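Data block below; observations after.
The values are calculated or read from the model by the stated rules, or taken from the named source; none is laboratory data. Keep in mind the model is a prediction, meaning the values are calculated, not measured. Cβ atoms come from the backbone with ideal geometry, glycine included; neighbour counts cover every protein chain shown.
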Ligand code: SAM
Ligand code: SF4
């Protein structure tokens, strides 16, 4: 009933502003075992009810449609915490059989990764980003409300041991909490051969507590790094990557900054998102979603699913609008969208 599309027949996910999405972020769950303060309140958020979540077959079918019919070349599993999905290794293994073979990535808080990194690499995972905001165990508790820093560091080591290079670290700095850790985090990353990227805090927290004045900007981060390191422009072209990168002390180590708020890169965005409950979002900050789960469960064909997905991309706005006075934060927090 769902015959594979012939290779080369994909019609891309184009929007009305000249961009084409080739990078799909898939949220595998909205649940998490941490409570990072810039993401969730201490008590967590009401989790999505189980029947609303896509099951593995539904996810894999949508991935196949995305790769075969919509030109998706890169798939990143995220959440919530994607390692909480018990079938993650199997999902990766099956996604790796899609043709043309997509690049497969994972964004995780690293808890449990020490045990699963080898199996994920064997299943076909290509890249891993681990989120790590502090190297201080007490601050880690303050930031994430859980005492699990050692597991995250072990997870990072596990990824490296599994040969998944380059291992990337994502860090969010918060004033008065860890804003003095830009340099120690980069020293740690350089020493261990990890590639560090700082992310400006965005208005995507469930509590709606973000404020521009409290955000640590790219300029401030680079200023702090310059006190200790010599940063020079990365000769590798940025392309559509959200991170601007610099060579650290002449290289080969690199550091990146994702300045979504102060230096938006919406004009080159190539991303599209699928939530754990099967909604397509054409932007992190979109206020509308397209219900692929409903269509899928109502019996839509692959061709119909692809058409609905393409239509959803046409409504992508030229920019996220964070810097507009009329900006409204999306209803869903980052953990439920898939960061
Ligand atoms: N739980 C996984 C993790 O933490 O890596 C995957 C999901 S998390 C939502 C993905 C990324 O989003 C993490 O690197 C996290 O630091 C980042 N993030 C979460 N809330 C954010 C916010 N309000 N602003 C900027 N980045 C945020
Ligand atoms: Fe969980 Fe990731 Fe959000 Fe932290 S940033 S609470 S690890 S989903």
- Query: Taking the condition modelled with pLDDT of 95 or more, in contact with a helix residue (DSSP H, G or I) (Cβ under 8 Å, 6 or more places away or on another chain), part of a helix (DSSP H, G or I) and surrounded by fewer than 20 Cβ atoms within 10 Å (Cβ to Cβ), does residue 16 pass?
  - Reply: no
- Filter result (touching a residue at least 60 places away in the same chain (Cβ under 8 Å) and in a helix (DSSP H, G or I)) within segment 166-188: 186
- Message: Can you say whether residue 191 is closer than 18 Å to residue 231 by Cα, within 16 Å of ligand 1 (Cβ to nearest atom), assigned to a helix (DSSP H, G or I) and out of contact with any strand residue (DSSP E or B) (no Cβ under 7 Å at 6 or more places or on another chain), as far as the supplied structure shows?
- Response: no
- Task: Scan segment 38-53 and report the pairs whose first residue is more than 20 Å from residue 202 (Cα to Cα) and whose second residue is at pLDDT 95 or above and away from ligand 1 (no atom under 13 Å from the Cβ), with Cβ atoms within less than 6 Å and a gap of 6+ or a chain change.
- Result: 48/277; 52/277; 53/277
- Item | Enumerated helices (runs of 4 or more DSSP H) restricted to segment 268-339, each holding at least 3 residues that are away from ligand 1 (no atom under 13 Å from the Cβ) | 292-297, 302-314
- in contact with a strand residue (DSSP E or B) (Cβ under 8 Å, 6 or more places away or on another chain), touching a residue at least 24 places away in the same chain (Cβ under 8 Å) and not in a strand (DSSP E or B) - does that describe any residue in segment 244-254? yes
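Could you check segment 36-50 and list, in sequence order, the residues that are more than 17 Å from the chain's Cα centre (by Cα) and either exposed (fewer than 14 other Cβ atoms within 10 Å of the Cβ) or within 13 Å of ligand 2 (Cβ to nearest atom) (or both)?
Here is the first cut: in segment 36-50, the residues more than 17 Å from the chain's Cα centre (by Cα) are 37, 41-50.
Scanning segment 36-50 gives 37, 41, 42, 43, 44, 45, 46, 47, 49, 50.
Among the candidates 155, 112, 118, single out the residue that is touching a helix residue (DSSP H, G or I) at 6+ places or on another chain (Cβ under 9 Å) and over 26 Å from residue 336 (Cβ atoms). Outline the logic, then answer.
Numbers: 155 fails: over 26 Å from residue 336 (Cβ atoms); 112 fails: over 26 Å from residue 336 (Cβ atoms).
Only one candidate qualifies: 118.
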- Within the group 162, 218, which residue is in contact with a strand residue (DSSP E or B) (Cβ under 7 Å, 6 or more places away or on another chain), surrounded by 17 or more Cβ atoms within 10 Å (Cβ to Cβ) and modelled with pLDDT of 95 or more? 218
- Item | Index of the failed condition, residue 36 passing every other in (1) more than 11 Å from ligand 1 (Cβ to nearest atom); (2) farther than 27 Å from residue 318 by Cα; (3) modelled with pLDDT of 95 or more | (1)
- Pair list, Cβ < 9 Å and 6+ apart or interchain, from segment 94-111 residues that are touching a residue at least 60 places away in the same chain (Cβ under 8 Å) to residues that are within 12 Å of ligand 2 (Cβ to nearest atom) and in a strand (DSSP E or B): 107/78; 107/129; 107/130; 107/131; 107/170; 109/130; 109/131
- Message: If I ask for residues that are in contact (Cβ under 8 Å) with a residue 60 or more places away in the chain and within 16 Å of ligand 1 (Cβ to nearest atom), which ones from segment 60-93 would you list?
- Response: 78, 79, 80, 88, 91
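For residue 224, indicate whether it is outside any loop (DSSP other than H, G, I, E, B) and within 16 Å of ligand 1 (Cβ to nearest atom). Show your work before the answer.
Details: outside any loop (DSSP other than H, G, I, E, B): yes; within 16 Å of ligand 1 (Cβ to nearest atom): no.
It is false that residue 224 is outside any loop (DSSP other than H, G, I, E, B) and within 16 Å of ligand 1 (Cβ to nearest atom).
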- Item | So residue 149, is it under 24 Å from residue 74 (Cβ atoms) and surrounded by 19 or more Cβ atoms within 10 Å (Cβ to Cβ) | no
